[in-house]
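A short worksheet on the structure shown next.
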């Protein structure tokens, strides 16, 4: 490439290079300004604060944690709680969405109408309001702590959540009624139930539309040919229609999965201790707002990229193998 | 065309980064220039910081904002109230969105040293307590083993709760919310059996937010020290001093018996302490902190002395019905003690 301004390629590269330099300089200036302002307040930019003792307890945790554990451990507990909700939510939403999508395409007018109404109502009400609705209804309807409902022997439902027998420190414990409610065993809190239920149901409405679009994208000839060959309705769907519909379904489905993961951050409004809740507590207690939020964004970015990558692999595997 | 876009982009970027100098330094100058004091307050805590249906803010912390505005700007009404929750309050102050944080904030060492803030005066001595339903028939906090406790996230309350239960070797289940209203609703529904917060907040919530105040009782144990006071940004000592001395002036006024009703009459009082407080004669203690001689007189006339502010917002005739207790003057057995203005 001739290094001369008359060469259009060189000119293009020159301008692009200059733009990159300008953007980098701006970024550097912004960071320097941030550091200068923070130094004037006596606050340092750095992640060292994360090894200090957290000082707060987290009620629901999948790993051992106490108030003396470090902030890193608190973040780990938060990430695991988010993953718990995200993975279960994705599974339930997909199942529910498939069910509703098939129902919306049914020839039975009542079923079709019900499914369409389900989708329209749930898509158009903001998620936060739906979460509040589920949480407050659950809190109001669940039986009092001193009078729990026995669903099965050893499984109880109360305002403290769904208590069931589980291993605690190596011993099998059955929940019993204590002075403040059920003690012993394990429990699924109403916060988790409300969050999982609300998120799954909300996302399932969007997923139902995605799946319905996918099914409708398959040429009608395919289902006609399948019927002519004697496939039943369910077999048609499972063996012929859905595999071909996957091409159209997978990219928007990835969107919905990412949305569900990020929407779980609304849990802070209903008291579920997931990652955003832990991060805002940390930022409030240590004052290191920039670092805490950067870490939070980094974690969500990683989770989202991981989900996208997994779905991309799935998409490549489900692509139509055309003859070249 | 691309060249024009590039030049425009570069110019915009350069302007945006050039326009952001540090805010540390002359907060008082910027307040005077703006003509209004930006004050961070509680979004809705009865007795301390709450707006009524017409948007008028009242409360103990709100009155302190008004006092500082009266001293710095001459008019107690020149305040812009910024409602903040527990997670936003420090960032708002650090970033310069507000000039003064008057939001029932506890003075702790980590907040005083690590957050880039500065505390100077304790306007309200408080402590953390527990609110429980009367029907549980609890007599003491030591009976709370295994209870579900509702607490607000990111507050000293959360940490003190963990410390207390650990030191008493009791287990408990915390339910943590960001929003105070959601917290109160969860406690009222019975999701948790215990609500923990500063005792003054508990009194406010019991009086204002519970269906029947008699169904709830505050347990006798006070498990922590919560010295509540205003906070300012670090790096501007003049502003910090002004804010602290506004509080001390209000205490001195109560000590001398100067109220909002008799300020004018007291201006001709012979007591040299009162003369210095009200800026009479040759006394001008305001100049060194950037205000004029009548700064304290304005504060007392437009807002009142400490006792008046206390009684108006959280005293016997309000729904909170709080005693002066630790907040009485040192001459009456309390902790409120002001250095002399002289």
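Quick grid of which residues meet (1) farther than 21 Å from residue B:240 by Cα; (2) outside any loop (DSSP other than H, G, I, E, B); (3) modelled with pLDDT of 85 or more:
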residue	(1), (2), (3)
B:3	yes, yes, no
B:16	yes, yes, no
B:25	no, no, no
B:29	no, yes, yes
B:32	no, yes, yes
B:38	no, yes, yes
B:47	yes, no, yes
B:50	yes, yes, yes
B:72	no, yes, yes
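Considering the conditions (1) at pLDDT below 85; (2) over 21 Å from residue A:193 (Cα atoms); (3) away from chain B (no Cβ under 13 Å), residue A:154 is excluded by exactly one of them, (2).
Condition check ((1) touching a helix residue (DSSP H, G or I) at 6+ places or on another chain (Cβ under 8 Å); (2) at positive phi; (3) in contact (Cβ under 8 Å) with a residue 24 or more places away in the chain) across all residues:
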| site | (1), (2), (3) |
| --- | --- |
| B:251 | yes, no, yes |
| B:288 | no, no, no |
| B:296 | yes, no, yes |
| B:317 | yes, no, no |
| B:326 | no, no, yes |
| B:329 | yes, no, yes |
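Scanning region B:298-308 for residues being crowded, with 24+ Cβ neighbours inside 10 Å and in a helix (DSSP H, G or I) gives a total of 4.
Listed by first and then second residue, the pairs with beta-carbon distance under 7 Å, at least 6 apart or on different chains, first residue in region B:120-149 and on the phi > 0 side of the Ramachandran plot, second assigned to a strand (DSSP E or B), are B:146/A:178; B:146/A:183.
Each residue in region B:30-63 was checked for being under 11 Å from residue B:102 (Cα atoms) and crowded, with 23+ Cβ neighbours inside 10 Å, and 11 pass.
Once region A:32-51 is narrowed to residues that are exposed (fewer than 12 other Cβ atoms within 10 Å of the Cβ) and assigned to a helix (DSSP H, G or I), the residue that is nearest to the other protein chains (Cβ to nearest Cβ) is A:32. Looking only at residues in region B:84-99 that are facing chain A (nearest Cβ under 9 Å) and not in a loop (DSSP other than H, G, I, E, B), the one that is surrounded by the fewest Cβ atoms within 10 Å (Cβ to Cβ) is B:95. Just one residue in the set A:202, A:272, A:257 is more than 30 Å from residue A:143 (Cα to Cα), buried (at least 20 other Cβ atoms within 10 Å of the Cβ) and touching a residue at least 60 places away in the same chain (Cβ under 8 Å); that residue is A:257. In region B:112-125, what residues are in contact with a strand residue (DSSP E or B) (Cβ under 6 Å, 6 or more places away or on another chain), surrounded by fewer than 22 Cβ atoms within 10 Å (Cβ to Cβ) and within 11 Å of chain A (Cβ to nearest Cβ)? If the condition is that a residue be in contact with a strand residue (DSSP E or B) (Cβ under 6 Å, 6 or more places away or on another chain), surrounded by fewer than 22 Cβ atoms within 10 Å (Cβ to Cβ) and within 11 Å of chain A (Cβ to nearest Cβ), then B:112 is the only one that fits.
Considering region A:191-290, the qualifying helices (runs of 4 or more DSSP H), each wholly inside and each with 2 or more residues that are more than 14 Å from chain B (Cβ to nearest Cβ) and within 25 Å of residue A:103 (Cβ to Cβ), run over A:220-228, A:242-263. Within region B:183-200, which residues are crowded, with 21+ Cβ neighbours inside 10 Å and either facing chain A (nearest Cβ under 7 Å) or under 22 Å from residue A:139 (Cα atoms) (or both)? Passing the criteria: B:183, B:186, B:187, B:191, B:192, B:193, B:194, B:195, B:196, B:197.
Any residue in region B:138-147 that is over 14 Å from the mean Cα position of the chain (by Cα), at the interface with another protein chain (Cβ under 9 Å from one of its Cβ atoms), farther than 28 Å from residue B:99 by Cα and crowded, with 22+ Cβ neighbours inside 10 Å? Yes, that holds for at least one residue. Within region B:313-327, one or more residues are within 22 Å of the chain's Cα centre (by Cα), surrounded by fewer than 19 Cβ atoms within 10 Å (Cβ to Cβ), modelled with pLDDT under 95 and assigned to a helix (DSSP H, G or I). Residues that are at pLDDT 90 or above, assigned to a helix (DSSP H, G or I) and touching a helix residue (DSSP H, G or I) at 6+ places or on another chain (Cβ under 6 Å): does region B:214-224 have at least one? Yes: region B:214-224 contains one or more residues that are at pLDDT 90 or above, assigned to a helix (DSSP H, G or I) and touching a helix residue (DSSP H, G or I) at 6+ places or on another chain (Cβ under 6 Å). When residue B:238 is tested against (1) buried (at least 21 other Cβ atoms within 10 Å of the Cβ); (2) under 20 Å from the mean Cα position of the chain (by Cα), exactly one condition is not met: (1). For region A:159-187, a residue qualifies if it is in contact with a helix residue (DSSP H, G or I) (Cβ under 9 Å, 6 or more places away or on another chain) and either away from chain B (no Cβ under 12 Å) or farther than 24 Å from residue A:268 by Cβ (or both), and the qualifying residues are A:162, A:179, A:180.
Looking at region A:120-133, which of its residues are assigned to a helix (DSSP H, G or I) and over 18 Å from residue A:97 (Cβ atoms)? Answer for region A:120-133, where residues must be assigned to a helix (DSSP H, G or I) and over 18 Å from residue A:97 (Cβ atoms): A:128, A:129, A:131, A:132, A:133.
The set of residues in region A:178-190 being more than 18 Å from residue A:62 (Cβ to Cβ) and in a strand (DSSP E or B) consists of A:178, A:181, A:182, A:183. Can you tell me which residues in region A:88-140 are within 14 Å of chain B (Cβ to nearest Cβ) and crowded, with 19+ Cβ neighbours inside 10 Å? Of everything in region A:88-140, those that are within 14 Å of chain B (Cβ to nearest Cβ) and crowded, with 19+ Cβ neighbours inside 10 Å turn out to be A:131, A:134, A:135, A:138, A:139. Screening residue B:174 on (1) at pLDDT 90 or above; (2) crowded, with 19+ Cβ neighbours inside 10 Å; (3) within 7 Å of another protein chain (Cβ to nearest Cβ); (4) out of contact with any strand residue (DSSP E or B) (no Cβ under 6 Å at 6 or more places or on another chain) shows it passes everything except condition (4).
The values are calculated or read from the model by the stated rules, or taken from the named source; none is laboratory data. In this text, all values refer to a predicted model and were calculated from it rather than measured experimentally. When we count neighbours, we look across all protein chains shown, and the Cβ atoms used for this are built from the backbone with ideal geometry, even at glycine.
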